Structure formats: structure tokens, C-alpha cells
Amino acid sequence: MKQAIFTGSGVALVTPFTSGGVDYPALEKLLDFQLDRGTDAVIVCGTTGEAATMSYAERMAVIEAVVRRVDGRVPVIAGSGANCTETAIALSRDAVSAGADGLLVVTPFYNKATQRGLVRHYTAVADAAEKPVILYNVPSRTGVKCTAETYAALAQHPNILGVKEAGGDLALIQKTRELCPEDFYIWSGNDDETAPIMLLGGKGVISVAANVAPDRMHDLTRACLEGDFVSAGRMQLELRALCEALFWEVNPIPVKTALALMGMCEEVFRLPLCEMEPENRERLAAVLQRYGLVS
């Protein structure tokens, strides 16, 4: 039986930049903040990490830096998806060489593969990978949606552990749980669906909100894992306004802005992402204040 690479709250970590490149001192500060507050896994170079606008060399250097700082305390999972299968294979192999414990592989964007194409794509990546692979279904960004039948086919691969499910489709979660074996694990890809997905058998969340509130996301998932869904439901509702605010503009603009307001990194994005609209930034600051994240 395949073992889950982590349970609980994994942070979809931002990549801090300066005008000159990656801000490695800030990256270490962010990692220490996460590890000191109970985060169960670190996911690096994903959507929230702006990997799409990082060079290949930067991505590998950041993975190496994260692995070095984390030093085995929690699993490090590297984003290695691409819309070209050969590129995804190369990224996956190099991420493993850089020290990643696992891989997060998004559905190929733009190409709009068929379900048969998705199975072949993921099978090729998993065949080449030497570490566990988590699929990433996020149709709002990629234009492609995996089906439960596709998950059932891919669940047979020994290197494929499960899926980060960000489709907003609880019916898909239920059907996936019905069709797939017990050791095909599901992680929520949407913070505001963490408790519902874990109630349906999910093992945790890969979280944007954990960047700013790692302890609260850890506590929420811990309550779910312990079967205390009354407390988990209460915590989920308490986090609603924060989760909503972090998506007032496209991720990761609000969460990186929030971290800048918290003094954790600079408010630097790479085009085509740019700074938050002033009125939204003011509203975000007020929400952070309400949650005690800024004074």
C-alpha cells in the first residue's frame, strides 16, 4: 500500500523576489515562519510560487535552497508540471536531483489534452520520476478537468499517490473516492473547501492561506484528521473572510501582498502579475488586522 507523503496542511509557498532575482534571505525567513508554526509540508515552485515566470535554473536553485533550509523536518514537494510532457519529465528528474521528496504535476495547460492524453502524460512523467507524484487538477487555470475515471486509471501507477483537487467539484471528490483505491489520496487545493473535502476522506490541504496563517491551517486539518468535524467546521467558518480576501485578485497577488504587509518579503511580482489594486490592498490590510496578522 502506498503511503501518503504528508497529512495535514502543506503550504503552497510564495517565492520572494527583489528587482534583481530571488530573495533568499526572505525565503529562509518564510520557511522558518512555516516550520515554527506547524506546517506539515512545503510545496515549492507551484502556482503560488510564480514558477511560470522563473527560469529553469532559478527553479532548481530555489528547490535546493528550500530542501537545505527544511533539512528533513517536513517533506518538500516541488512543482514540476508543464504543458510539454518532455519538459515535465525533465523538470521532475531535476527536482528530484535537487532534493525534492515528491512532485506536484499540474494538468497540461493550453493544449487541452483528452482524458486519454492525460493518462499518457501522467504515466510518462511517473515512469520517469523517482519520487511520488501528486496530480494537480485546477481547471480554472488550465482549461482541462480530470475525471474520476482518469484518476482510477492513474491510481494503479506505483509512483502516483493522489491528487491536489482544486476543481471546486465535491461530486467529483465523492466519485473519485468511490472508484479509486484507498491509497489514492486526495488533498484539497482550495482553502475554503478543506473541511468538506477532508470529511469526504481527504488527507489535508495544499494551502495558500497557510502562507500567512500556518498554525490555523494546521489546527483545522488536525481536527479533521482526528474526526472532530464540529471544531473543524467552526475553524473553517472562522477562516472564511481571510480565504476570500486572498483571492480578491488572482493568486498569488493578494497572499504575497499580505506577506509584504506582515514584513515577511518585498511586494515584488513578475509580469504579467503586478501589484494589487490600491483599494483591494486597503481592504486586505483591514482583514489581516482583524485576524491579528498585522498591527
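The values are calculated or read from the model by the stated rules, or taken from the named source; none is laboratory data. Treat the numbers as computed from the prediction; the structure is a model and nothing was measured. Here the Cβ positions follow ideal geometry from the backbone for every residue, glycine too, while neighbour counts run over all protein chains shown. Just so you know, the surface numbers come from the protein's heavy atoms only, side chains and all, with ligands and any DNA or RNA stripped out. Shrake-Rupley method; radii C 1.70, N 1.55, O 1.52, S 1.80 Å.
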Legend entry - Rounded to the nearest 10 Å², the accessible area of F247 at probe 1.4 Å: 100
Legend entry - Segment N280-A124, length gained on full extension (0.36 nm per residue, minus Cα span): 51.9 nm
Inset, instruction - Go ahead and run the numbers for FRET between V294 and L237, Cβ-Cβ distance against an R0 of 22 Å, rounding to 0.05. - result: 0.50
Legend entry - Value of relative contact order over the chain, rounded to a whole percent, pairs C-alpha under 8 Å and six or more apart: 18
Legend entry - Projected area averaged over orientations for the chain, convex hull of C-alpha atoms, nm²: 13.8
Legend entry - Relative contact order [Cα under 8 Å, 6+ residues apart], the stretch 43-120, whole percent: 32
Legend entry - Apportionment of accessible area to carbon and sulfur, the chain, percent (1.4 Å): 50
Inset, instruction - Provide the per residue accessible area, probe 1.4 Å, for the chain, rounded to a whole number of square angstrom. - result: 41
Legend entry - 10 Å Cβ shell holding at most 12 others, DSSP loop, trypsin sites (Lys or Arg not before Pro): longest site-free stretch of the chain: 113-269
Inset, instruction - Per DSSP H run of n ≥ 4, the term is -39500 (n - 2.57); total these for the chain, divide by its residue number, and report the mean residue ellipticity at 222 nm rounded to 500 deg cm²/dmol. - result: -13000 deg cm²/dmol
Legend entry - Set of aspartates and glutamates with alpha-carbon distance to K29 below 19 Å, sequence-local pairs under 8 removed: D40, E50, E58, E64, D71, D215, E266, E267
Inset, instruction - Can you work out the PRE-style zone for E28? Point 7 Å along Cα to Cβ, and I want the residues of the stretch 56-84 with backbone N under 17 Å. - result: 61-73
Legend entry - Where Rh is the Kirkwood radius over Cα pairs, Rg/Rh for the stretch 129-229: 0.96
Inset, instruction - Enumerate the lysines that K164 could reach by cross-link, defined here as Cα to Cα under 24 Å, with residues fewer than 8 away along the same chain left out. - result: K2, K112, K131, K145, K175, K203, K256
Legend entry - Mean separation of Cα contacts under 8 Å (6+ apart) over length of the stretch 130-252, as relative contact order %: 19
Inset, instruction - Stick to the Cα atoms of the stretch 254-295, pair each with every other, and give me the Kirkwood hydrodynamic radius in Å at one decimal. - result: 10.5
Inset, instruction - Quick one: grab Rg to one decimal and Dmax as a whole number for the stretch 174-295, Cα atoms only, in Å. - result: 15.9, 48
Inset, instruction - For an R0 of 45 angstrom, estimate the FRET efficiency from the Cβ-Cβ distance between T53 and F229 and round to the nearest 0.05. - result: 0.70
Legend entry - Which of W248, W187 is most accessible, then next, and so on - probe 1.4 Å: W248, W187
Inset, instruction - Taking amide H positions as placed in the peptide plane 1.01 Å from N, state which residues far from V163 in sequence (5 or more) or on other chains have amide H under 5 Å from it. - result: L135, Y185, I186, W187
